[in-house]
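Notes to accompany the following structure.
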Amino acid sequence: MSNPIPEPYYEDEKELWAFFGLAYYKTGILEQGVVNLAVAMQARGVEGITVGDVDSLYDAFDRKTFGIIIRAARTLFDFPDGVAADLEKALEYRNYLAHRFFLSHDADLLTPEGKRKMIEELISILKFLNPLDETIDEFWMGAWEPLGITKEWIAEQFEAFDEHRKKTNT
């Protein structure tokens with residue numbers, strides 16, 4: 001389940017940057033979910049798959065763009081039409097945030113009203129991305145289940161990692 005979108009405190013100068021970071025971060029989380037799905041679908045076709053095989057599958061996506069990752073996942077997984085279209089829109093949002101958001105709001109940066117408008121747009125983007133991310137999470141988790149990677153197993157791994165981290169103070 002996605003974390004709720006925080007209520008903006010418009011008077012804080014850092015709020016715009018925090019919401020931009022949150023929206024851009026969410027596109028990265030969504031991208032990783034699509035990678036998880038693509039790797040799971042590829043791994044299901046490998047007889048006697050090993051951890052090294054899975055690492056190699058993940059490594060193959062390391063330098064790929066989000067658009068290429070989406071196309072790869074679409075060849076491996078039959079997304080419902082609405083989800084496929086939403087992924088394309090998420091890609092547009094990601095590219096907009098990375099390349100054009102601040103350029104398109106150059107004058108808005110100069111006024112409190114403009115910054116409020118920018119924050120509201122970022123919240124709108126987050127409201128779109130959050131449920132899509134939850135949907136993609138369900139897809140990739142379901143794709144890993146036949147390989148024994150279940151929600152419970154993942155929770156156990158996080159718990160073990162957290163315990164290790166506490167013991168080693170890292």
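The values are calculated or read from the model by the stated rules, or taken from the named source; none is laboratory data. This is a predicted model, so every value here is computed, not measured. Here Cβ is always computed from backbone atoms with ideal geometry, including for glycine, and neighbour counts include all displayed protein chains. Ligands, DNA and RNA are excluded from the accessible area calculation, which covers all protein heavy atoms including side chains. Shrake-Rupley method; radii C 1.70, N 1.55, O 1.52, S 1.80 Å.
Scanning region 118-134 for residues that are under 17 Å from the mean Cα position of the chain (by Cα) and open to solvent by less than 50 Å² (accessible area, probe 1.4 Å) yields Leu122, Ile123, Ile125, Leu126, Phe128, Leu129, Asn130, Leu132, Asp133.
Among the residues of region 23-38, not a single one is open to solvent by 60 Å² or more (accessible area, probe 1.4 Å), free of Cβ contacts under 8 Å to residues at least 60 places away in the same chain and either of a type in the set (A, V, I, L, M) or touching a helix residue (DSSP H, G or I) at 6+ places or on another chain (Cβ under 7 Å) (or both). For beta carbons closer than 6 Å, sequence separation of 6+ or different chains, a first residue in region 85-111 that is farther than 22 Å from Trp17 by Cβ and a second that is open to solvent by 50 Å² or more (accessible area, probe 1.4 Å), there are no qualifying pairs. The helices (runs of 4 or more DSSP H) found entirely in region 81-155 that carry 3 or more residues being among the small types (Gly, Ala, Ser) are 81-99, 112-144. Taking region 44-78 as the search range and keeping residues that are assigned to a loop (DSSP other than H, G, I, E, B) and touching a residue at least 24 places away in the same chain (Cβ under 8 Å), which one is farthest from Gln32 (Cα to Cα)? Out of the qualifying residues, it is Ile49.
Counting only residues that are surrounded by 12 or more Cβ atoms within 10 Å (Cβ to Cβ) and of a type in the set (Ser, Thr, Tyr), region 1-22 holds 2 of them.
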